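Engineer: My questions all concern the structure below.
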Amino acid sequence: MLEPKRRYLLTGRGGDEQPTHPRSAKLHRFAGVALAPALALACALFFGFVPPTRAWEAAGNDDHVPRAAAKLAPAQDAAVLEAQGVIAREFGQEALRNVQLDLIKSADQNDVFEYEATKGRLTVHGSSAVALCSGFYQYIKRNHLGIASWSGNRLDLAHGWPDAALERESSPYRYRYYLNVVTYGYTMPYWTWDRWQREIDWMALHGINMPLSLVATEAIGERVWKKLGLTQKEIDAYYTGPAYLPWERMGNIAGLDGPLAPDWNKSQIALEHKILDRERALGMYPVVQGFAGFVPTQLDRLHPGIKLSSMAWAGFSKQYRNHILPPDSPLFSKIGSLTIKEWEAEFGKVRFFLSDSFNEMHIPASTEAAKDALLKRYGAAIYRSIRDGDPDAVWVMQGWMFGYMRDVWTKDSLRSLLSDVPDDKMLILDEAMDYNANFWRNGMDRDVYDGFWGKQWIGGYIPNMGGKTAFTGVLDFYAHAGSDALASKNRGNLVGLGMAPEGIENNEVIYELISDTFWQSGPVDLDAWIANYSFARYGAQDDDIAKAWHLLIESSYGSFVDHPRFIWQLEPGSSRSSISPDEKVIEAAEHFLAASGRLKANPLYRDDAIEVVAMAAGIRADQLIKQATKLYEAHDFSRGRASADRAFAILGDLDRLLASHPNLQLKNWVDSARAYGATPSEKDHDERDAKMLITLWGRNGEIDDYSSRMWSGLIGGYYIPRWRMYFENLAGAHNDIRAWEKQWVRSAAVDQPQPFPDPMEAAGNILAHLRDKTPE
């Protein structure tokens, strides 16, 4: 998806602002950063020395003499070098000066780190490369030196490494899980290795050691289908366009906006090798896609009479439905085991395989008894196919539907599915604890399902739906939910904690908070944490920033909704926003901007100020759109037009303001999609694919506006025009809005607003106009 304009502020030695990940890596390559891990390890193993690159400043050797080389075993050497690589890529080579990294053993299977700083030298010990990265990162955050985020990084080295007493943290979780199947649609479908490398680095710093790694799933599938006898044409007809592959993988749809480009699978194989190699080198436990029973209907050509069940989902026509094998079909185990063998033949040993057969879909059975009996057979079939492919493999399953469809997934139904699977061969992702507690309010799954009856499980959250960018989420809940699970009487075989956002590069404060809870058994003191977060991110925490965050926690970050969207992002005629209209957000924006004189030079402060003002402007525009709708419906066109024009003026300014934010731009999304295509037609296809996902979500708006984004270019080019047409229709015009939406998706053009010369000044002007409250 996005290739954000990521940067960091490195102060000290002149305080120059430098790119975190320069597009041209020549300087870093020749300095030894990009090649240091592999080159240094090779030299250490074969020649007995480490090349004198600046990476050895990590051992405190300013003269570049590798005194520590002889002390390191090869495994430790590799882990240390991998951690050094992460730190150098994320914060620059200076971040390794006077830093010593050492590998230590943990008392159990859980990671541990230690850090200590004295006389300008920082020492970090960790039980893995991820633990080393986390120890380094926790030190710099807790000492207010910096932060790593999707919108940018900051590291203040002006005064070196401040003294810090020995601090030791042991994670209560063996696994710290990250990503959602659909993140690969809502954020990642067009990522290159450059962007993937940055994300893996971010994972390591944030303590994540179990990422979902689904790239190249279709390439493996293609090999399986060919071995079964399907033609390339039949295979092409099965797969969707790139942005919709997650839902094909879960069996929800098939064939939508396909086929994949001829070179897609080849490029994905090469990319997945890089991803898995880096994740494994860091000591992570990747989860890849297994087989859940979904097959192309063309299999009936090879196996006449095969019985397939058509899976209905989200109102899509039969043309785009996926189909599932019956569990007692001999093909089930054959395809499942072949899938695992193909994965491992290409990428080496894989332990964790994700298989979900009924995600958001009803089980094809007429009675409760029949349903439970069928689920028992499916559970046995999926596990058998995994075991036959690799006896050491573990079945990983998403638990979203257990809370979302509690009427379908009764206690007996889930127990039936799991009954024939050994406890140590199942890992359940109980990924929606925030929904259980704050939206559905239907009890925690661990309590409803008796701690999952001894099966391994990971608690977790879905802090984002559809890649939506509005603020939402109860920070106080995330501060204690992990410790609540640890203390629960139904803890059972809890082995991890994680995050499964549908889309990322938004609401960064939530992910920072959750990842900090990976390292403690008790709840986080939210007030103290927010103060430290502000220091780490902005370099300061004054009264205005403190007040702004306090107000946000009482409003946007004290509320949880399923689909946070403004009215102006929804189909014209909608009357209910799913975002809290609390005026405290506008007050928070005022306090945030009041700190601009002191913090304006900090790019992370500027980005956050833009977002807070955008939220405030969105709330006021919502109020005006509501008012305009009522006036138009009452045939008071003059006053209705005045309210609508004022809303459009606010949104137009917001469109320009967001053009200065590194992540919140439609152009980033479209450019990354077009960059993947090898020919003009492929580029046009991928742009249509990407634009359809965030608007119509389907050729006919089957899931209309689900993936709404508060993005520059999308506001001015899509949301404003269609609401304007709607109001014109209320006044007697006959605009075909759906036809216009489809044409916008098909057009190979993006509205690119001109950024304000001074975005902070513009933010202040926008905010000043918002103080004039909407008349009733």
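Engineer: Enumerate the calculated ³J(HN,Hα) couplings along the range 175-183 in order (Karplus 6.51 cos²θ - 1.76 cosθ + 1.60, θ = phi - 60°), each rounded to whole Hz, writing x wherever the residue is Gly or Pro.
Structural biologist: 10, 10, 8, 8, 4, 10, 3, 7, 4
Engineer: Report the full-extension gain for the segment Asp277 to Ser419: residue separation times 0.36 nm, less the Cα-Cα distance, to one decimal in nm.
Structural biologist: Values: separation 142, 0.36 × 142 = 51.12 nm, distance 3.47 nm.
The Asp277-Ser419 span can extend by a further 47.6 nm.
Engineer: Which ordering of Glu728, Glu90, Glu741 is given by a fewest-first count of other beta-carbon atoms within 10 Å? Write out the running numbers ahead of the final one.
Structural biologist: Working: Glu728 16, Glu90 24, Glu741 21.
Going from least to most buried by this count: Glu728, Glu741, Glu90.
Engineer: If you plug each phi of the range 163-174 into the Karplus form 6.51 cos²θ - 1.76 cosθ + 1.60 with θ = phi - 60°, what whole-Hz ³J(HN,Hα) values come out, in order, with x for Gly and Pro?
Structural biologist: For the range 163-174, the Karplus curve yields 4, 8, 5, 4, 10, 10, 10, 10, 5, x, 10, 5 Hz.
Engineer: On to the next question. Classify the range 543-770 as rounded, prolate or oblate, taking a ≥ b ≥ c as the square roots of the eigenvalues of its Cα gyration tensor: rounded when a/c is under 1.5, otherwise prolate if a/b is larger than b/c and oblate if not.
Structural biologist: Values: a/c = 1.87, a/b = 1.20, b/c = 1.56.
Oblate, since a/c reaches 1.5 and b/c is not below a/b.
Engineer: What list of ³J(HN,Hα) values in whole Hz, one per residue of the range 694-706 in order, does the Karplus curve 6.51 cos²θ - 1.76 cosθ + 1.60 (θ = phi - 60°) give from phi, with Gly and Pro shown as x?
Structural biologist: For the range 694-706, the Karplus-derived couplings read 8, 10, 5, 6, x, 5, 10, x, 4, 10, 3, 6, 4 Hz, x marking Gly and Pro.
Engineer: Let's test the formula: R0 of 45 Å, r as the Cβ-Cβ distance of Ala731 and Asp484. What FRET efficiency results, to the nearest 0.05?
Structural biologist: Numbers: r = 54 Å, r/R0 = 1.19.
FRET efficiency, Ala731 to Asp484: 0.25.
Engineer: I'd like the distance separating the alpha-carbon centroids of the range 232-279 and the range 158-221, in whole Å.
Structural biologist: The distance from the Cα centre of the range 232-279 to that of the range 158-221 comes to 22 Å.
Engineer: For Asp542, Asp655, what ranking results if the residue with the fewest other Cβ atoms within 10 Å of its Cβ goes first?
Structural biologist: Numbers: Asp542 15, Asp655 26.
Ordered from fewest to most neighbouring Cβ atoms within 10 Å, Asp542, Asp655 come out as Asp542, Asp655.
Engineer: For Lys411, go through the lysines and keep the ones whose alpha-carbon is under 27 Å away, minus same-chain ones fewer than eight residues off.
Structural biologist: Candidates past the 8-residue exclusion: Lys371, Lys376, Lys425, Lys455, Lys489.
Engineer: Taking amide H positions as placed 1.01 Å from N in the peptide plane, with prolines and chain starts having none, which residues 5 or more places from Met426, or on another chain, fall under 5 Å of its amide H?
Structural biologist: Under 5 Å from the amide H of Met426 lie the amide H atoms of Trp395, Gln456, each far enough along the sequence or on another chain.
Engineer: For n ≥ 4 DSSP H runs only, could you compute -39500 (n - 2.57) per run for the chain, divide by its residues and tell me the 222 nm figure to the nearest 500?
Structural biologist: Using -39500 (n - 2.57) per qualifying helix, the result is -13500 deg cm²/dmol.
Engineer: Sorted by mean Cβ packing within 10 Å, highest first, what order do the peptides 324-330, 178-184 take? Walk me through the intermediate numbers first.
Structural biologist: Working: 324-330: 17.6, 178-184: 24.7.
The most tightly packed comes first, giving 178-184, 324-330.
Engineer: Which order do Tyr706, Tyr719 fall in if you start with the one that has the fewest other Cβ atoms within 10 Å?
Structural biologist: On the way: Tyr706 22, Tyr719 26.
In order of increasing Cβ crowding within 10 Å: Tyr706, Tyr719.
Engineer: Among Ala365, Ser355, Ala345, pick out the residue whose Cα is farthest towards the positive end of the charge dipole of the range 342-392, where Lys and Arg carry +1 and Asp and Glu carry -1 on C-beta, about the Cα centre.
Structural biologist: My answer, from the dipole projection, is Ala365.
Engineer: For the chain, what is the charge dipole size about the Cα centre, in debye to the nearest 20, if Lys and Arg each add +1 at the Cβ and Asp and Glu each add -1 at the Cβ? Kindly include the intermediate steps, with their values, before the conclusion.
Structural biologist: On the way: 84 positive and 100 negative charges, 266 e Å.
Dipole size: approximately 1280 debye.
Engineer: Considering only the chain, what is the antiparallel percent among its DSSP beta bridges, to the nearest 5? Each step should come with its number before you reach the end.
Structural biologist: Numbers: 22 of 59 bridges.
Restricted to the chain, the bridges split so that about 35 percent are antiparallel.
Engineer: Provide the packing ranking of 287-294, 136-143, i.e. peptides ordered by the mean count of other C-beta atoms within 10 Å per residue, highest first. Numbers along the way, then the final one.
Structural biologist: On the way: 287-294: 25.8, 136-143: 22.4.
Highest to lowest by the protection proxy: 287-294, 136-143.
Engineer: Hey, if you put +1 on the Cβ of every Lys and Arg and -1 on every Asp and Glu Cβ in the range 643-764, which of Phe648, Leu666, Gly698 ends up farthest toward the positive end of that dipole?
Structural biologist: Gly698
Engineer: Taking the Cα centre of the range 75-227 as the origin, how large is its charge dipole in debye, to the nearest 20, when only Lys and Arg (+1) and Asp and Glu (-1) carry charge on their Cβ atoms?
Structural biologist: In debye, rounded to 20, the range 75-227 gives about 300.
Engineer: Take the alpha carbon gyration tensor of the range 457-537, find the square roots of its eigenvalues, order them as a ≥ b ≥ c, and report rounded if a/c is under 1.5; if not, report prolate when a/b exceeds b/c, else oblate. Present the calculation step by step, with values, prior to reporting the outcome.
Structural biologist: On the way: a/c = 2.31, a/b = 1.25, b/c = 1.85.
Taking the square roots of the gyration eigenvalues as a ≥ b ≥ c, the range 457-537 is oblate.
Engineer: Report, in whole Å, the centroid distance computed from the Cα atoms of the range 644-681 and the range 425-460.
Structural biologist: Computed from Cα coordinates, the inter-centre distance equals 37 Å.
Engineer: Pull up the cross-link candidates among the aspartates and glutamates for Lys307, meaning alpha carbon to alpha carbon under 16 Å and not fewer than 8 places away within one chain.
Structural biologist: Partners found: Asp328.
Engineer: Using alpha carbon centroids, what distance separates the range 700-769 and the range 555-629, in Å?
Structural biologist: Comparing the Cα centres of the range 700-769 and the range 555-629, I get a distance of 17 Å.
Engineer: Also, I was wondering about something else. What nm distance separates the two modelled labels at Glu633 and Leu302, each placed 7 Å from Cα along Cα→Cβ?
Structural biologist: My value for the distance between the label points is 5.6 nm.
Every read-out reported here was derived from the displayed coordinates using simple, explicitly stated rules and does not represent laboratory data. Here the structure is a predicted model, which is why all the values come from computation and not from measurement. Heads up, the Cβs are rebuilt from the backbone with ideal geometry, glycines too, and the neighbour counts pull from every protein chain shown.
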